[in-house]
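Encoded as C-alpha cells, the structure appears first; notes follow it.
The values are calculated or read from the model by the stated rules, or taken from the named source; none is laboratory data. These figures come from a predicted structure and were not determined experimentally. FYI the Cβ positions are ideal-geometry reconstructions off the backbone, even for glycines, and counts take in every protein chain you see.
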Amino acid sequence: MPVGRRWLLVAACLLLAGCGTAEDAAISTVQDARSAVVVAQQAVRLRLDTRATTPYTQVVLDDSLDAVGAAEQELRDSSEPDRARTARARVVLNDANTVLDELADAGADQMSKADLDRLTELVGRLDAALAELRR
Amino acid sequence: MTSHDALSHPPVHIVGQLVDARLSLLDRQVVDVDGRPVGVLDDLELTDVASPLEPGTPPPEVTSLVHGPIVLERIFGGRRPDAHLLRIGWDAVAKLGPAIELAAPASELPTSWVESWLRDRVIVRIPGGRHVPR
Amino acid sequence: MKRLFAVALGVLTAIGGFLDIGDLVTNAVVGSRFGWSLAWVVVVGVVGICLFAQMAGRVAAVSGRATFELVRERMGPRLGLANLAASFLINLLTLTAEVGGIALALQLASSVHYLLWVPVAALAVWQVIWRVGFDVMENVTGLVGLLLVGFAVAFFLLGPDWTQLTDQLLQRAPHGESPATYWFYAVALFGAALTPYEVFFFSSGAVEEGWSSEDLAQSRLNVLVGFPLGGLLSLAIAGCAALTLMPLGVEVTTLSQVVLPVAEAGGRVLLIAIILGVVAATFGAALETTLSTGYTLAQFFGWSWGKFRAPAEAARFHITMIVCLLVGVAVLATGVDPVMVTEISVVFSAVALPLTYLPILIVANDPDYLGDQVNPRLLNIAGQVYFVLILVASVAAIPLMIVTGVGR
C-alpha cells in the first residue's frame, strides 16, 4: 500500500473517532458518577435488608469511589470551553467523592439508615445537576 | 511420493500410490509410533541426480524427511546451518495419512535441543514435572 | 446407568463451561443499555458456536488432527504463521481477561483488592494444568460453574415484565443509543459467544481425551444441548440487568454491578452462589485459554503437547503456558481495568474468528481427512452462511470500535 493512502486511512479513522466522542464532558462525567452512586445506594439498601454480603457491599463502595475519581479526572482532562458548566459539574462530582470516600472508609459493616439517606440525597443532587447541565 | 516417482522422464510404470508432496506431505504433522508429535515436515531430501541429465537416468529417490526450526527461513528466506536440521530416514515412515506416521518411537529419533534443554534445565526441576497430571 | 451418567455429566459441564468473563460482562452491559434488544445476537451466536464446535470436534475425533495442525497444513507456513500470530495474541488477551475475572470475583467474595488475587489466581491455574487430569479439571469447573443457573433463578424471582421484554426483542422499544453503538455491541456479543479459544480447546480436548468416531454422538449431544442452555443463561444475565439496572439508568462497568440484580432478587445465599459460580466459570475459562496458548503454538510448530503427558514429555508446551500466564499477570499488574480488557478481547475475538473458522470448514469437507464423515449438504450450507456472517462481523468490528470509542 502506498504511504499516502495509508495516512489517508489513519486520518479517516481519527476523524471517525473524533465524531464518535464529541460528547459534552460535563454531562458525561456527571452521568458516570450518577451511575456509580446509584449502584452504591442500591448496595447499601440491600446490605441494610441483609440481602447483600458485607464484602460485596464494600467492593461496590470502593468501585463507585474509583468511578467517581475517574470521572473527576476525565473532567480535568477535557477541553470543555464553558467554565461555568465545568465548575457546576466539578462541585457535584466533589460532593459525590466526599460522601463515597467517607462511607467506603467507614466500612460496609457500619452502614446505617442515615448513610442510605445520604446516598439517596446525593443521587437527587446529581440528577438536579444533570437537569441543569442539559438545559 | 514413493520411491518410484511419477515425475520422472521418460514415463515409468507407477507402482504403489501417487502422492503430491506439496499437498500431502509438506507441513504435515510427523508422529511417532505412539502418536506423539515429532515435528512438522519442512522439506524432503532426495538422492543426487547427475547433471547434465542423460536419458534413461533413474528418477531420484526420497532419502529423508527434514524438520526442525526452519519454518521461519522458509517464510522469510535465509539458511540454517545444516546441523540444526533434524532428519528422519524415509525407511522409518510407516503410513501416510492425515499425519505422517513413523514406525519408531520418538526416543530413537533426533530431538530438538531446545526441547531437551528446557526439559532438563527447567521442567524436571519443578516438583511434579515428571508426573502425568491425574 | 453409567452411560446415562456420562451423558448428563457431559451436558452439564458444557452448560457450566459455556460462560466466561466475556459472556458475563458483555451480556450485563448490553442488558443494562439495550434490554433484550440484542437478544437475537445471542441466539445467532449460539447456533454459530454449535456448528463450529461440533465441526471442529468431528474433525479432531475422526482425523486426530487439532485446529492449528490443520491451519498450517491447509494455509501453508506463510499464511499459517500470520494466522497463528493473530490468534495467539488475541487468545493471550482473553487469557488476561479471564485471570482478571477470577481476581475480580474473588474480590467480590472477600473484599481483598483484586490485584492481590491476580498472582494467586494465576498460580492456581498453573498448578491445575501442571498436576490435575483433564477430566477432573473439566468436570469440576463445569459443575461448579453450573451455579450460574442462579442468574436464571434471579431473573424469574425479579418477576420479568414480559411485554416490555418482548417489545425490546422485537425492536419496538427505543433504547436511546446510536445505531453505531447498537451494532458495536451486536459484534461484541457475537464475539463473546463465539470466542476462538473455545474451538482450539474443543478440538485439542478431543485429542486429549482420545475421542474416536464412536464418541461423536456424545460430543454432539454435549454441544447441541449444553451450549443452547448456556445461551439461555446469557439471556438471563442480560434480562436481570434489563429488569433492575436499566430502570435505574445504570450502565454496567464493573463485575460488582453484573451481580447486583442477583442480590436484589435472591439475597445473600444466591449472591454467594453466583459469586462462586463466577469464580468457577472464569477459572475454567482461564484454564482453557492457557491451554490454548500452548495448543496453538505446539500444533503449529509440531512440538509434543497434551495434558495427558507428563510435563517433561512436553517441555515447550508447558513453558509456553507458564510464560503466557506470567505475561497476563504482568499486564494486569499495570492496573489496567480487567473489565476493559474483557470488552476489548471480545471485539478482537470477533475479528479473529474467520482465521480459525475457514480451515475447519475446508477440512470438514475433505474426504482425505474425514472419509465418509464429511459435512452433510445441509450442514455445509449452514456453515457457509455462517462464514459470511463471521466475515462481516470481523470486518465491521474495528471500525465500529473506533467510531463508538469502545461503545461509550
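Just so you know, in the range A:61-82 the residues that are over 30 Å from A:Met111 (Cα atoms) and small (Gly, Ala, Ser) include one that is farthest from the chain's Cα centre (by Cα), and it is A:Ser79.
Going by the conditions given, is C:Glu343 acidic (Asp, Glu), in a helix (DSSP H, G or I), out of contact with any Lys or Arg (no Cβ under 9 Å at 6 or more places or on another chain) and under 19 Å from C:Gly17 (Cβ atoms)?
Taking the combined requirement at face value, the residue does not satisfy it.
Residue-by-condition table, conditions (1) among the charged types (D, E, K, R); (2) surrounded by fewer than 22 Cβ atoms within 10 Å (Cβ to Cβ); (3) touching a Ser or Thr at 6+ places or on another chain (Cβ under 8 Å):
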| position | (1), (2), (3) |
| --- | --- |
| C:Ala122 | no, no, no |
| C:Val125 | no, no, yes |
| C:Trp130 | no, yes, no |
| C:Gly133 | no, yes, no |
| C:Pro160 | no, yes, no |
| C:Leu165 | no, yes, no |
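Scoring B:Val49 on the criteria (1) out of contact with any Pro (no Cβ under 7 Å at 6 or more places or on another chain); (2) assigned to a loop (DSSP other than H, G, I, E, B); (3) over 23 Å from C:Ala314 (Cα atoms) leaves a single failure, condition (1).
In the range C:311-321, how many residues are in a helix (DSSP H, G or I) and within 9 Å of chain B (Cβ to nearest Cβ)?
Total satisfying the criteria: 7.
Is it true that C:Phe308 is part of a loop (DSSP other than H, G, I, E, B), among the hydrophobic types (A, V, I, L, M, F, W, C), touching a helix residue (DSSP H, G or I) at 6+ places or on another chain (Cβ under 9 Å) and in contact (Cβ under 8 Å) with a residue 24 or more places away in the chain? So C:Phe308 fits the description; yes. Total residues in the range B:103-134 satisfying the condition of being more than 7 Å from every other protein chain (Cβ to nearest Cβ) and assigned to a helix (DSSP H, G or I): the figure is 9.
Would you say B:Asp27 is touching a Lys or Arg at 6+ places or on another chain (Cβ under 8 Å) and of a type in the set (D, E, K, R)? Spelling it out, B:Asp27 is indeed touching a Lys or Arg at 6+ places or on another chain (Cβ under 8 Å) and of a type in the set (D, E, K, R).
Just one of the listed residues (C:Leu391, C:Leu370, C:Leu378) is in a helix (DSSP H, G or I) and at pLDDT 95 or above, and it is C:Leu391.
Here C:Leu224, C:Leu271 are screened, and the one residue that is hydrophobic (A, V, I, L, M, F, W, C), modelled with pLDDT of 95 or more and in a helix (DSSP H, G or I) is C:Leu271.
Conditions tested, residue by residue: (1) in contact with a helix residue (DSSP H, G or I) (Cβ under 7 Å, 6 or more places away or on another chain); (2) charged (D, E, K, R).
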site: B:Ala92; (1), (2): no, no
site: B:Pro110; (1), (2): no, no
site: B:Arg119; (1), (2): yes, yes
site: B:Arg125; (1), (2): no, yes
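Within the range B:81-102, being among the charged types (D, E, K, R) and not in a helix (DSSP H, G or I) holds for B:Arg87, B:Lys95, B:Glu101.
Taken as a whole, the condition of being among the small types (Gly, Ala, Ser), in a helix (DSSP H, G or I), more than 27 Å from C:Ile237 (Cβ to Cβ) and at pLDDT 95 or above applies to C:Ala85. Taking (1) in a helix (DSSP H, G or I); (2) surrounded by 24 or more Cβ atoms within 10 Å (Cβ to Cβ) in turn, C:Ser37 satisfies each apart from (1).
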